1. How high is the FRET efficiency between residue 114 and residue 87 when r is their beta carbon distance and R₀ equals 35 Å, given to the nearest 0.05?
2. In nm, to one decimal, how far is the modelled label at residue 58 from the one at residue 34, with both set 7 Å along Cα→Cβ?
3. Beta carbons within 10 angstrom, averaged per residue: use that to sort the peptides 42-48, 54-60, highest first.
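Values in this text are rule-based calculations from the coordinates and carry no lab data. As the structure is a prediction and not an experimental result, all values here were calculated from the model. A quick note on method: Cβ atoms are made from the backbone with ideal geometry, for glycine too, and the neighbour counts reach across all protein chains shown.
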């Protein structure tokens, strides 16, 4: 093993809530609540989508947005929601349910602007 590889943190899962971290000659245990990680991920990924929704609502401009991309996002987030429901995973359901709704808003504006008007 190279000298650099020895200094790199190594993680090994013990169970859903703990892992060992080894740095050089020191090891310590970290407790991780996986629901908290899921909630943080849900807030970040859904929150990252909000600026586009706000801009689209303000400007009503959608000509530069890809219909195919937003349809794929909509159906993908609906499928992720269903998957999360089957697992009883609330953060997964939360993030994808909200993102699906936000995507539907943008798609609605895009269809109205470009296909109905």
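1. So, using R0 = 35 Å, E works out to roughly 0.40.
2. Calculated label separation equals 4.0 nm.
3. Top to bottom by mean Cβ count within 10 Å: 42-48, 54-60.
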